[in-house]
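No lab work stands behind these numbers, since they all come straight from the coordinates. Fair warning: this is a prediction, and the values are worked out from it, not measured in the lab. We place every Cβ from the backbone using ideal geometry, glycine too, and count neighbours over all the protein chains shown.
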């Protein structure tokens with residue numbers, strides 16, 4: 001299954017996950033994208049505080065062309081998997097995008 005970002009690019013969920021992991025790793029000193037799991041907790045495992053999570057918004061907008069809501073990132077996104085699911089949910093299904 002694929003979805004379409006706001007720029008019209010098609011994405012598979014596995015590619016979204018890989019891109020999100022690269023973004024999270026780039027914001028975490030010493031982290032490698034391959035070591036991150038969907039269950040990796042942003043605060044408890046990576047040492048991020050609640051406000052640091054907002055740093056993912058800009059690179060996700062740039063790379064995945066999706067705008068994320070601050071409140072959702074702050075209060076609902078707890079793990080890498082939550083972030084992947086949130087980005088994926090913001091993308092359109094191909095039939096709806098046309």
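Extent along the principal axes, Cα only, for segment 40-83: 28, 18, 15 Å, with the longest axis given first. For the pair residue 10 and residue 89, the difference between a 0.36 nm per residue extended length and the Cα-Cα distance amounts to 27.1 nm. Take every Cα pair under 8 Å whose residues are at least 6 apart in sequence, average their separation, divide by the length of the chain, and the relative contact order is 39 percent.
So how tilted is helix 80-90 from the main axis of the chain? Cα-based, degrees 0 to 90, rounded to 10. Rounded to the nearest ten degrees, it is 20. Counting 0.36 nm for each residue step from residue 26 to residue 44 and taking away their Cα separation leaves a gain of 4.7 nm. Rounded to the nearest whole angstrom, the semi-axes of the ellipsoid equivalent to segment 5-45, taken from the Cα gyration tensor as √(5λ), stand at 22, 10, 9, largest first. Take the Cα of residue 1, step 7 Å toward its Cβ, do the same at residue 74, and the gap between the two points is 3.1 nm. A quarter of the convex hull surface defined by the alpha-carbon atoms of the chain gives 5.8 nm² as the mean projection.
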